[in-house]
1. What do the square roots of 5 times the Cα gyration tensor eigenvalues come to for the stretch 120-224, in whole Å, largest first, as semi-axes of the equivalent ellipsoid?
2. ³J(HN,Hα) across the stretch 137-148 via Karplus (A = 6.51, B = -1.76, C = 1.60, θ = phi - 60°), whole Hz, x for Gly/Pro?
3. Could you name the aspartates and glutamates whose alpha carbon sits less than 12 Å from that of Lys215, not counting residues in the same chain fewer than 8 places away?
4. Could you list which residues have their amide H under 5 Å from that of Ile212, counting only those 5 or more apart in sequence or on another chain, with H placed in the peptide plane?
5. Which of Ile120, Pro141, Pro162 sits closest to the plus end of the dipole of the stretch 120-224, meaning its Cα is farthest towards the positive end, when Lys and Arg get +1 and Asp and Glu get -1 on the C-beta?
6. To the nearest 20 Debye, how big is the dipole of the stretch 120-224 about its Cα centre, given +1 on the beta carbon of each Lys and Arg and -1 on that of each Asp and Glu?
7. Taking the beta-carbon count within 10 Å as an exposure proxy, list Glu137, Glu183 from fewest neighbours to most.
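Taken together, the values in this text are just the output of simple stated rules run on the coordinates, not laboratory data. Just so you know, these numbers come straight off a predicted model, no measurement behind them. All Cβ positions, glycine included, derive from the backbone under ideal geometry; neighbour counts span all protein chains shown.
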Amino acid sequence: MAKTDKFAPPLWQGPDGKPVSCLEKIKVLNQNLDEIRQLCADAVEDAVLMGCDPEQIRAVLRHLVESLEQTDAGQPKKWVLMLDRLCAGAFLSLAVTSSALAQGTTAAAQPATPKPPAVITGAVLQGLDKLVARVHEIEAPLNKETRLGTLQIRVRQCVVSPPEAPPEASAFLEISEQRPGEEMRKVFTGWMFASSPALSALEHPVYDVWVIGCKTTDSAAPAKSR
């Protein structure tokens, strides 16, 4: 089997340009991308072993992708519909529960004041400095740079699953490094999952970074993956 380089999945977007926020869909998309990349790498390796021009097989693979028909675009597969229903059902259940609670009354028959929805303002991370064996907890706001040693961390998005769904928190991170006398370079771009840190991890000789939860406005404690 051909060995493939580390490939960071993109920030998946819908037709309207908005990021895909369903965690189950993101995991499926990333896993599909990894499988396709490995299959393509194996195909190129086999072609070279059988005497083919590697550039030709790469061109054939590109043409194969470009020639994919869109006839099924209006008819999603059953498993996609199941993911849609899973995500929609979880959020609908959360909305119904919140609405029922908001409509309750106090003992004095006074209507309860609805609690404003929580707004995610950033991510809560932990960083390990391997040289001194010290762990740092980092509250990183959205779209602002946060430093850990020579690393610069920017959180693009943080998502928490509703209570009815399997607990999960994930963040889309862009991590760059600037050592003294050197230019800035990207060392990680992609989603990190609180419940599965090894699924998409930073590979660095000095630092480890992983997601703990999302920072919200409704409380001082972060929304975490339980």
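1. Working: eigenvalues 116, 38, 32 Å².
Those come to 24, 14, 13 Å.
2. 8, 10, 9, 9, x, 5, 6, 10, 6, 10, 9, 9
3. Cross-link targets: Glu139.
4. Residues meeting the criterion, in which the H sits 1.01 Å from N, are Val124, Leu125, Gln126.
5. Pro141
6. Working: 11 positive and 13 negative charges, 33 e Å.
For this selection, approximately 160 debye.
7. Details: Glu137 10, Glu183 7.
Final ranking by Cβ density, sparse to dense: Glu183, Glu137.
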